[in-house]
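A.B. asks: There's a structure below that I have some questions on.
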Amino acid sequence: MINLGGKTMKILMILDQTQAGLGGKENPDLPLGGKSMPIGSAHMLEPSLKQVDGKVVACLYCGDGYFKKNREEVKLKMAAMVKKISPDIVVCGPAFNYAGYAEMCAVLAHEINEKTDIPAIAAMSKENEETISEYKDSVNIVIMPKKGGTGLSESLNNICVLAKKIVDGEDITDYAKQICY
């Protein structure tokens with residue numbers, strides 16, 4: 001098949017143990033790891049990614065408890081792994097209303113934006129107001145519902161459209177005001 005348009009957008013996702021499908025609250029100390037394929041909640045993005053010619057090429061994961069205990073190490077290693085994998089953009093989340101995961105998403109998106117030339121965005125629900133208020137001015141944080149809330153499909157679409165606009169070098173100012181905190 002000949003692709004006459006642009007190239008497929010390569011996305012790397014950062015997940016916690018639950019969203020990676022590698023345990024729940026009982027496994028918060030899951031060490032940093034990765035897979036060169038979509039795992040866990042990455043599959044939720046697939047319908048929206050098809051609309052923007054995007055593909056999850058890898059998922060990095062870390063238990064939120066492990067992150068909390070090894071914050072500096074995880075920040076360094078995640079930024080290095082992102083550089084090595086070299087996606088077009090990094091999506092940290094969706095964190096829903098999980099406080100530890102939301103903090104990890106915001107911190108890592110900020111670190112990746114600061115230490116690499118690869119853009120990173122995050123996604124979480126309004127229940128994470130402390131994290132949102134600390135990072136909303138330095139990280140694009142897409143608004144999403146809490147786990148089980150309404151509006152998930154729209155939020156997933158917003159994540160993918162924002163990612164595509166960033167990768168394509170578009171001015172995202174107005175769009176981000178509509179869909180981010």
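Computed from the coordinates by the stated procedures, all read-outs in this text should not be read as laboratory data. Since the model is a prediction, treat every value here as computed from it, not as a measurement. Note: ideal-geometry Cβ built from the backbone for every residue, glycine included; neighbour counts use all protein chains shown.
A.B. asks: Taking a Cβ-Cβ separation under 4.7 Å as the criterion for a possible partner, which cysteines of the chain have none?
C.D. replies: CYS59, CYS62, CYS160, CYS180
A.B. asks: Amide H neighbours of LEU15 under 5 Å, at least 5 residues apart or on other chains, H built in the peptide plane: list them.
C.D. replies: Excluding prolines and chain starts, which carry no amide H, the hits are LEU60, TYR61, CYS62.
A.B. asks: Taking the alpha-carbon centroid of each part, what is the distance from the stretch 14-42 to the stretch 81-102 in angstrom?
C.D. replies: After rounding, the separation between the Cα centres reads 11 Å.
A.B. asks: Looking at the square roots a ≥ b ≥ c of the eigenvalues of the Cα gyration tensor of the stretch 57-139, which shape do they give, rounded for a/c under 1.5, prolate if a/b is larger than b/c, or oblate?
C.D. replies: Since a/c reaches 1.5 and a/b is larger than b/c, the shape of the stretch 57-139 is classed as prolate.
A.B. asks: If packing is taken as the mean number of other Cβ atoms within 10 Å per residue, what is the order of 159-168, 11-20, 82-91, highest first?
C.D. replies: The peptides rank, most packed first, as 11-20, 159-168, 82-91.
A.B. asks: Further question: Name the residues whose placed amide hydrogens come within less than 5 Å of the amide hydrogen of VAL56, ignoring near sequence neighbours (fewer than 5 apart) on the same chain.
C.D. replies: ILE11
A.B. asks: Can you tell me, using C-alpha contacts under 8 Å and at least 6 residues apart, the relative contact order of the chain as a whole percent?
C.D. replies: 21
A.B. asks: Sequence-distant or interchain residues sharing an amide H contact under 5 Å with TYR181, placed H: which?
C.D. replies: Excluding prolines and chain starts, which carry no amide H, the hits are ILE141, ILE143.
A.B. asks: While we're here: Could you derive backbone 3J(HN,Hα) for the stretch 34-50 from the dihedral phi with the Karplus parameters 6.51, -1.76 and 1.60 (θ = phi - 60°), listing whole Hz in sequence and x where the residue is Gly or Pro?
C.D. replies: Going residue by residue, I get x, 9, 8, 6, x, 9, x, 6, 4, 5, 4, 7, 3, x, 6, 5, 4 Hz, with x marking Gly and Pro.
A.B. asks: Taking θ = phi - 60°, what integer Hz values does the Karplus form 6.51 cos²θ - 1.76 cosθ + 1.60 yield along the stretch 108-123, in sequence order, with x for Gly and Pro?
C.D. replies: Going residue by residue, I get 6, 4, 4, 4, 5, 5, 7, 9, 9, 9, 9, x, 9, 10, 10, 8 Hz, with x marking Gly and Pro.
A.B. asks: Of the labelled options (i) 1.03; (ii) 0.94; (iii) 1.93, which one gives Cα Rg over 2.2 N^0.38 Å as computed for this structure?
C.D. replies: The value matching this structure is (ii).
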